[in-house]
1. Extension gain A77-A151, at 0.36 nm per residue separation less the Cα-Cα distance, in nm?
2. Tally Lys and Arg at +1 and Asp and Glu at -1 over the other residues with C-beta under 9 Å from the C-beta of L136: what net charge comes out?
3. Based on the alpha-carbon gyration tensor of the stretch 83-157 and its eigenvalue square roots a ≥ b ≥ c, which shape applies: rounded if a/c is under 1.5, prolate if not and a/b is larger than b/c, or oblate?
4. Given H placed 1.01 Å from N in the peptide plane, which residues other than close sequence neighbours of I98 have an amide H under 5 Å from its amide H?
5. Summing Lys, Arg as +1 and Asp, Glu as -1, what charge do residues with Cβ under 13 Å from the Cβ of G100 carry, G100 excluded?
6. Grab the other residues whose beta carbon is less than 10 angstrom from that of A42, score K and R as +1, D and E as -1, and report the net.
7. Contour minus end-to-end for A127 and Q14, with contour as 0.36 nm per residue of separation and end-to-end as the Cα-Cα distance?
Amino acid sequence: MDLTLNPSLSTTAQIELVLRLTLGLALGAIIGFERELHRQPAGFRTHSLVALGACLFAIISGYGYESATADPTRIAAQIVTGIGFIGAGTILQHRGHIRGLTTAASLWAVAAVGMATGAGLYILAVAATLLILAVLAVLDRIEAYARRRLAIGQPSYDIADARATGRDRDDDAEGHLEDMP
């Protein structure tokens with residue numbers, strides 16, 4: 001398979017692609033700013049870079065090669081897989097409690113926003129950004145209100161709860177893993 005780089009993009013087309021990168025970065029930054037305000041492990045810069053990187057990969061897969069046999073979906077699939085690895089790094093376990101799941105999900109969604117921007121789907125990317133912000137900000141308030149009204153406590157993701165059911169026998173008496181500092 002002979003895949004050669006595509007040097008034939010006009011200056012106008014390349015400027016359009018730079019605008020896609022800029023918009024992808026800006027949309028990721030907006031979502032990252034919300035995470036930063038909530039002091040989450042991945043914030044403004046991380047979300048910005050994830051969106052920018054996903055956007056660049058989408059542009060490269062769509063425009064970077066002259067060959068008609070290049071499959072742009074292969075790079076998109078690898079973005080989804082790779083971002084899962086980065087998201088896993090934001091999930092923290094401390095003394096039997098788990099944090100960072102929403103931030104990991106927001107990174108995954110930001111990668112999709114970057115991919116949409118890279119593909120030139122501007123309206124879709126902006127709409128997804130607004131929906132992600134709604135989930136992160138508005139639904140958080142609705143959940144807190146419902147918990148207060150219904151007198152429901154915070155959700156517990158305790159590893160100690162799993163131990164009580166006999167699933168995690170390697171846990172020590174305090175409910176956290178033996179190999180955790």
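1. Here the answer is 22.4 nm.
2. Values: positive: R35; negative: E34, D140.
Once positives and negatives cancel, what remains is -1.
3. It is oblate, given that a/c is not under 1.5 and a/b is not larger than b/c.
4. So I98 has HN proximity to Y157.
5. Local charge sum for G100: +3.
6. +1
7. 38.2 nm
Any read-out appearing in this document is the output of simple, stated calculations on the displayed coordinates, not a laboratory observation. What you are looking at is a predicted structure, and each value in this text was computed from that prediction instead of being measured. We place every Cβ from the backbone using ideal geometry, glycine too, and count neighbours over all the protein chains shown.
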